[in-house]
Amino acid sequence: MSELATLLQGAPAEMMMKVDTLLPWQQSYWHDFQHALANGRLPHALLLAGASGLGKQALAAAMGAHLLCERRDTLAAEQISCGQCHSCMMRKAGSHPDLLVVAPAEQAKLIRIDAVRAVNDFMAQTAQQGGYRVIMLSGADAMTVGAANALLKTLEEPGERTLFVLTSDLPSRVLPTILSRCQRWTLAHPPYQACAAWLTAQLDDADEAQFWWRIADGAPLRAVRCGRGDWRQLRQKMIELFDALVRGAEPAAEAARLDKQPLLDVLDIGIAWLEDLIRLGLSGDERGVRNVDVLPLYRQAVKNGRVRDWYRLLDYAHEQRRLLMAGSNPNPMLVLESWLIRWAALLRS
Ligand SMILES: [Zn+2]
């Protein structure tokens with residue numbers, strides 16, 4: 001997997017092994033990190049919080065790689081690691097004894113107490129390479145209460161030269177006892193100028209870069225994911241499907257066209273459209289719309305439905321999304337049919 005592919009869909013452990021360059025919009029966070037390190041003010045535990053697609057895991061991986069590199073003191077200002085010392089080689093091979101990566105087994109799964117026991121066992125040993133120990137814990141909001149409680153003591157007194165880097169898309173769901181033991185860094189959405197060149201390079205076109213950046217609500221990694229491959233095709237399929245609904249197609253039959261498509265992605269695309277519709281319905285201002293290519297559909301929808309109707313559809317989508325994320329396994333076709341029937345009723349009433 002290339003570095004970009006790892007950034008877009010890699011597991012945290014892969015991120016730790018593969019990510020060797022700093023994302024251009026993260027320079028200020030990197031400077032803060034280096035400054036804290038140089039002045040002996042690096043906390044024991046950091047929580048990187050912020051929306052999905054900003055590069056939290058890449059930044060966490062960069063911090064970890066930097067701390068573990070044996071030639072750290074000789075690196076240039078924005079160089080993450082030398083990539084060649086014994087420690088870097090072990091990290092890249094995924095076998096560094098002083099590095100532990102903990103993450104939910106897959107999306108929508110939890111971090112259970114067993115995983116945290118492994119952290120505590122790891123912490124009971126001294127650093128084998130004589131340098132830092134790094135624990136990268138992704139999806140801190142996915143820890144069960146038991147797991148979080150088991151982590152508290154270790155997080156409070158991790159010992160010298162240890163860094164916990166936790167990441168979370170949903171910091172409001174991280175237990176307060178965990179939050180209070182971490183220094184929190186909230187990653188902001190970068191201004192377009194800060195990521196424009198990078199996005200243009202990834203998407204091969206400046207207009208495409210800006211288009212997908214807007215659709216991704218300003219999250220650069222998400223913009224690349226949206227603008228490429230499967231996700232882009234799914235979105236196009238949904239645009240065609242909704243056009244068919246407006247023209248009177250049968251929702252249940254249309255739902256079948258999305259059979260085998262990831263329900264989470266379908267819901268996310270629809271949620272973004274509903275948010276556009278609600279903004280448009282409230283303000284009447286088309287300039288606030290993110291999915292500009294869906295405007296013809298919105299104009300039709302705004303004629304028929306009211307803002308409170310869109311809120312209902314949005315609530316339904318959020319609820320199904322929450323169930324999916326909580327690990328319950330709704331029947332995707334039933335969810336889709338039910339949702340599309342409600343959409344259809346509003347698109348042509
Ligand atoms: Zn190195």
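The values are calculated or read from the model by the stated rules, or taken from the named source; none is laboratory data. Fair warning: this is a prediction, and the values are worked out from it, not measured in the lab. Methodologically, a virtual Cβ is constructed for each residue, glycine included, from the backbone with ideal geometry; neighbour enumeration extends over all protein chains shown.
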Cβ pairs under 6 Å, 6+ apart or interchain, first in region 70-90 and assigned by TED's automatic domain parsing to the domain that holds residue 20, second near the ligand (Cβ under 6 Å from one of its atoms) and assigned to a helix (DSSP H, G or I), ordered by first then second residue, are 70/87; 81/88; 82/88
If we ask which residues in region 237-265 are in a helix (DSSP H, G or I), out of contact with any helix residue (DSSP H, G or I) (no Cβ under 7 Å at 6 or more places or on another chain) and closer than 25 Å to residue 327 by Cα, their number turns out to be 1
In region 127-156, residues that are under 17 Å from residue 100 (Cβ atoms) and charged (D, E, K, R) total 2
In region 58-86, residues that are surrounded by fewer than 16 Cβ atoms within 10 Å (Cβ to Cβ), part of a helix (DSSP H, G or I) and more than 10 Å from the ligand (Cβ to nearest atom) total 1
The condition of being under 18 Å from the mean Cα position of the chain (by Cα), aliphatic (A, V, I, L, M) and modelled with pLDDT under 95 holds, among 4, 46, 59, only for 4
Would you mind stating whether residue 150 is in contact with an Asp or Glu (Cβ under 9 Å, 6 or more places away or on another chain) and of a type in the set (Gly, Ala, Ser)? no
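Of all residues in region 120-130, which are touching a Ser or Thr at 6+ places or on another chain (Cβ under 7 Å) and either β-branched (Val, Ile, Thr) or not in a helix (DSSP H, G or I) (or both)? Quick ask: steps written out before the conclusion?
Within region 120-130, the subset touching a Ser or Thr at 6+ places or on another chain (Cβ under 7 Å) is 120, 123, 129.
Within region 120-130, 129 is the sole residue that qualifies.
Mind listing just one residue for me: the one in region 87-142 that is among the hydroxyl-bearing types (Ser, Thr, Tyr) and loosely packed, with under 13 Cβ neighbours inside 10 Å and, of those, farthest from the ligand (Cβ to nearest atom)? Outline the logic, then answer.
Applying the first criterion (among the hydroxyl-bearing types (Ser, Thr, Tyr)) to region 87-142 yields 87, 95, 126, 132, 138.
Within this subset, residues satisfying the condition of being loosely packed, with under 13 Cβ neighbours inside 10 Å are 95, 126.
Working: 95: 15, 126: 21 Å.
Among those that are among the hydroxyl-bearing types (Ser, Thr, Tyr) and loosely packed, with under 13 Cβ neighbours inside 10 Å, it is 126.
Run down 216, 301, 206 and say which single residue is more than 16 Å from residue 346 (Cα to Cα), among the small types (Gly, Ala, Ser) and buried (at least 19 other Cβ atoms within 10 Å of the Cβ).
On the way: 301 fails: more than 16 Å from residue 346 (Cα to Cα); 206 fails: buried (at least 19 other Cβ atoms within 10 Å of the Cβ).
It is 216.
Quick one: is residue 117 in the same structural domain as residue 178 (by TED's automatic domain parsing), among the charged types (D, E, K, R), free of Cβ contacts under 8 Å to residues at least 40 places away in the same chain and assigned to a loop (DSSP other than H, G, I, E, B)? Working first, answer last.
Working: in the same structural domain as residue 178 (by TED's automatic domain parsing): yes; among the charged types (D, E, K, R): yes; free of Cβ contacts under 8 Å to residues at least 40 places away in the same chain: yes; assigned to a loop (DSSP other than H, G, I, E, B): no.
Answer is no for this residue.
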Note on residue 77: of the conditions (1) among the small types (Gly, Ala, Ser); (2) within 19 Å of the chain's Cα centre (by Cα); (3) farther than 23 Å from residue 8 by Cβ, unmet is (2)
**Message:** Residue under question is residue 40, and the condition is that it be surrounded by fewer than 14 Cβ atoms within 10 Å (Cβ to Cβ), closer than 26 Å to residue 177 by Cα, more than 16 Å from the ligand (Cβ to nearest atom) and of a type in the set (Gly, Ala, Ser); does it hold?
**Reply:** yes
Cβ pairs under 7 Å, 6+ apart or interchain, first in region 152-164 and part of a strand (DSSP E or B), second aromatic (Phe, Trp, Tyr) and modelled with pLDDT under 90, ordered by first then second residue, are none
